[in-house]
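Below you'll find the structure, written out as structure tokens, and then a few comments.
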Amino acid sequence: MDYKINGKVALVTGAADGCGKAIAEKLAGEGVKVILHDLSFKEEALKNNAAAIGNGAEYVTADLSRTEEIEELWKKTGDIDILVNNAGIWPTAYVTDMTTESFKKTLDIDLVAPFLLCKLFVNSCIQKNKKGKIVNMVSQAAFHGSTSGHAHYAAAKAGLVAFTVSLAREVAPMGINVNAVAPGMMRTPMNKDALSEREDDYLKRIPLRRIADPSEVAAAVVFLCGAESDYMTGATLDVTGGMLMR
């Protein structure tokens, strides 16, 4: 399929590994110049990914829990056409033991940072009178809640779903599409420990009885970045193996 995004420029956050890396690879495969983002301690991985992806790929580092670093990141990205808010954290703690600091940090990275980047992107598009695509990575937990100690994560992702819909309504007249992808469980470094401890429990919740490869989720993201999804906005694509059915 020709997604008609050859020559576009995309920023993908959290792209040192896992789903973000897979998204960057698939976008580059469609001729997109990708700017990969992650934390500074992952700079070597970012550098290697950018070199492997090619097509002029670049990388930037920033701590998305810090507003000033988000603003600096934006200054370095230049003129982009596609924004993929993929970066996130998935700490584990039941509410009875959860600290206020952990709850706030999860919201800062998983919800506030996407809001700030979306705001910067939308204002840039409006100023330049150009169309754009935003894809926010959410989760099945946004709809099901968490049963395994991730209430802060589920709350942040539920907020991001509502924000995605709200922003989509606001900017649709400007030709900016805002959609989301809700993955289930993937084989990523973030989920490695949880899967090693209780993969069977997760498989029981997935009708397709397998854990997703990040490339399968990335395929949905690329579709939402392309011309074939031009009539979609405010939507969430579920890529969960049936863990989430609506």
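Yes or no, residue by residue, for (1) open to solvent by 20 Å² or more (accessible area, probe 1.4 Å); (2) out of contact with any strand residue (DSSP E or B) (no Cβ under 9 Å at 6 or more places or on another chain); (3) under 24 Å from Ile80 (Cβ atoms); (4) basic (Lys, Arg):
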position: Val122; (1), (2), (3), (4): no, no, yes, no
position: Ile134; (1), (2), (3), (4): no, no, yes, no
position: Ala162; (1), (2), (3), (4): yes, yes, no, no
position: Ala172; (1), (2), (3), (4): yes, no, yes, no
position: Ile176; (1), (2), (3), (4): no, no, yes, no
position: Val181; (1), (2), (3), (4): no, no, yes, no
position: Gly184; (1), (2), (3), (4): no, no, no, no
position: Glu199; (1), (2), (3), (4): yes, yes, no, no
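Filtering Asp79, Asp17 for residues that are surrounded by fewer than 15 Cβ atoms within 10 Å (Cβ to Cβ), in contact with a strand residue (DSSP E or B) (Cβ under 9 Å, 6 or more places away or on another chain) and touching a residue at least 40 places away in the same chain (Cβ under 8 Å) leaves a single hit, Asp79. Among the residues examined, Ala155 does not qualify as of a type outside the set (Val, Ile, Thr), open to solvent by 20 Å² or more (accessible area, probe 1.4 Å) and either in contact with a strand residue (DSSP E or B) (Cβ under 9 Å, 6 or more places away or on another chain) or modelled with pLDDT under 95 (or both). Of everything listed in (1) modelled with pLDDT of 95 or more; (2) over 18 Å from the mean Cα position of the chain (by Cα), the single unmet condition for Met1 is (1).
Restricted to the stretch 38-64, and to residues there that are among the polar types (S, T, N, Q) and surrounded by fewer than 17 Cβ atoms within 10 Å (Cβ to Cβ), the residue that is farthest from Ala113 (Cα to Cα) is Asn55. Considering (1) in contact with an Asp or Glu (Cβ under 8 Å, 6 or more places away or on another chain); (2) within 25 Å of Val217 (Cβ to Cβ), the lone condition that Glu69 does not fulfil carries the number (2).
If you take the residues in the stretch 20-37 that are among the charged types (D, E, K, R) and under 20 Å from Ala182 (Cα atoms), which one is surrounded by the most Cβ atoms within 10 Å (Cβ to Cβ)? Can you show your working first?
Taking the stretch 20-37 first, the residues among the charged types (D, E, K, R) are 21, 25-26, 30, 33.
Adding the requirement that they be under 20 Å from Ala182 (Cα atoms) leaves 21, 25-26.
On the way: Lys21: 26, Glu25: 21, Lys26: 24.
Filtering the stretch 20-37 for residues that are among the charged types (D, E, K, R) and under 20 Å from Ala182 (Cα atoms), the one surrounded by the most Cβ atoms within 10 Å (Cβ to Cβ) comes out as Lys21.
Looking only at helices (runs of 4 or more DSSP H) that fall completely inside the stretch 1-103, which ones have 1 or more residues that are of a type in the set (S, T, N, Q)?
Numbers: elements: 18-29, 43-53, 67-77.
Passing ranges, in order: 43-53, 67-77.
The values are calculated or read from the model by the stated rules, or taken from the named source; none is laboratory data. The shown structure was predicted, so the numbers you read here are calculated from the model rather than taken from an experiment. Backbone-built Cβ (ideal geometry, glycine too); neighbour counts: all protein chains shown. For the accessible areas, the whole protein counts, side chains as well, though only heavy atoms, and no ligand, DNA or RNA atoms are used. Shrake-Rupley method; radii C 1.70, N 1.55, O 1.52, S 1.80 Å.
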